[in-house]
Amino acid sequence: MAFVFNKTLLPNLLSTQSIRNNLFKCYLSTHCVWQIDGFSNDLSDCLKFRSNVTTPTIRSPDEVLVSVKASSVNPLDVLMCKGYGNELLEKIDFATQCKAPVISYDRFPLTLGRDFSGIVVDKGSQVTSVDIGDEVWGAIPPYSQGTHGQYAIAKDSQMTKKPRNLDFVEAASLPYAALTALAAIKTFGGLSESNCVGKRILVLGGSGGVGTIAIQILKHWGAYVATTCSSDAVPWIQELFDVDQTIDYRSNELSGSAQSFDYVFDFAKRSDRSSIDPDAFKCLKKKLTCSYVTVSSPLLRTIDEKGLLLGLTYNLLQASRDTINGITEGRTVRWAFYHPSLSGLLILKKLVEEERIKPIVQKTFNFDQLPKAYINVQDGHLRGKTVIQIQ
């Protein structure tokens, strides 16, 4: 069952926000959602479709209830289905919800999904940035219940109004991957539109969801951009993004680019546990101002294996080792992470509306096909994002 309101038939009625609120603040008390009750490598068996699940409710004055129209599947969702990151994420979830010392907390049933686009149907008393009835987009951090359901709760700081030139599917493909790319480039890499012009930058994993956005941002900011991808993706990337150099990651071409780049941004899917690609690292110029920035840190995996305290200790040692080895070689190494950012979403919204960056959607699945979408992401060799059309 769904409620549909035709705005074109009610122009006068919708002219006041109070009546508009009453129209859109009409949602189901239960909804359909995909959840997991435990971890498994068998995605089809792990993901459970459920109807008549109680619709999440606002519990904090800064929360917003969104009727989700589309979401996406990120590689992180696939990994979390198998238990990746649970040791730390479970404790963060418990701490943020219970405001008490962390002892033990059961997250199940757990709804995955980070990105969302949809319509605001309810909001807390302190929310002023969006109104009921607004079309919004955003991303929810990995320690929260996710967006693979008909309704989702998010903080007002985790969303903005949707870019006016995107539909719901396009909008849902961007936030998590784009915020990850922006964090790597701007927060951890220290680059901006003012200091990026002329920089020589190598992007590893240029055909994936994060890589495609990173390339577009860096090109808009005036950098020379080279990227790696599989051989069959080379013509696709060259045509779509006008990159300066495209490299088949299976070739030996990187070995001929020693000490020629100012930055390496590593967004590649890695089969081993190293945080650094040694061939790509050698491509950096030998200057301490030249950085290797990677999103493939061992942080969550190490904590999963060794526990919180010992895992954090191991990660500190690994980060120190990477830093010391980098400095010894005359370069710096930095671990980058996604983090929620309202200012980042506003930057991305502006870039999208100015058509400086565009969403790259490889494939769209219906809501009842969500396990197939997970398998599509798990299989790899992606060309942009995999999106779920929910309503």
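Of note:
- The packing ranking, built from the mean of other Cβ atoms within 10 Å per residue, places the peptides 154-160, 286-292, 82-88, 193-199 in the order 154-160, 82-88, 286-292, 193-199, highest first.
- Placing unit charges on the Cβ atoms of the charged side chains and taking the dipole of the chain about its Cα centre, the candidate lying farthest along the positive direction among 86, 352, 247 is 352.
- Rounded to the nearest 20, the size of the Cβ-charge dipole of the stretch 308-380 about its Cα centre is 100 debye, with Lys and Arg at +1 and Asp and Glu at -1.
- The sum of -39500 (n - 2.57) across all DSSP H runs of n ≥ 4, divided by the residue count of the chain, sets its helix-only mean residue ellipticity at 222 nm to -8500 deg cm²/dmol.
- Counted over the chain, the DSSP beta bridges are approximately 55% antiparallel.
- Of 319, 139, 177, the one that fluctuates the most in a GNM where the chain has Cα springs shorter than 10 Å: 319
- Our estimate of slack between residue 391 and residue 274, defined as 0.36 nm per intervening residue step minus the Cα-Cα distance, is 38.1 nm.
- Largest GNM mean-square fluctuation among 362, 126, 318, using the chain with Cα springs under 10 Å: 126.
- Here the stretch 359-391 and the stretch 229-268 have alpha carbon centers that stand 25 Å from each other.
- Candidate aspartates and glutamates for bridging to residue 358, where Cα separation is under 13 Å - those fewer than 8 sequence places away on the same chain excluded: 167, 170
- Residue pairs exceeding 32 angstrom between C-alpha atoms, taken from 287/349; 219/287; 162/186; 219/285; 219/282; 199/349: 287/349.
- Neighbour net charge for residue 240 - beta-carbon separation under 13 angstrom, K R +1, D E -1: +1
- Residue-span extension gain [residue 288 to residue 316] - 0.36 nm each, minus C-alpha spacing: 8.0 nm
- For the chain, the residue among 121, 384, 29 whose Cα projects farthest onto the positive side of the dipole built from Cβ charges is 121.
- Over the chain, relative contact order from alpha-carbon pairs under 8 Å, at least 6 apart, %: 18
- Summed residue charge, Cβ within 10 Å of residue 315's Cβ, Lys/Arg positive, Asp/Glu negative: +2
- Rounded if a/c under 1.5, otherwise prolate or oblate - the stretch 115-240, Cα gyration tensor axes: prolate
- Amide H contacts under 5 Å for residue 357, placed H, 5+ residues apart: 352
- Fewest-first sequence of 337, 116, 241, 267 by Cβ atoms within 10 Å of each Cβ: 337, 241, 267, 116
- Rotationally averaged projected area of the stretch 177-335 (alpha carbon convex hull; nm²): 9.0
- Considering all C-alpha pairs of the chain, those separated by over 40 Å amount to 16%.
- Neighbour-count ranking [beta-carbon atoms within 10 angstrom, fewest first] of 34, 236: 236, 34
- When the chain is treated as a GNM with alpha-carbon contacts under 10 Å, the residue of 334, 114, 50 showing the greatest mean-square fluctuation is 50.
Where a number appears in this text, it was derived from the coordinates with a stated rule and is not lab data. Nothing here was measured: the structure is a model prediction, and the numbers come from that model. Every residue, glycine as well, gets a Cβ built from its backbone with ideal geometry; the counts of neighbours run over all protein chains shown.
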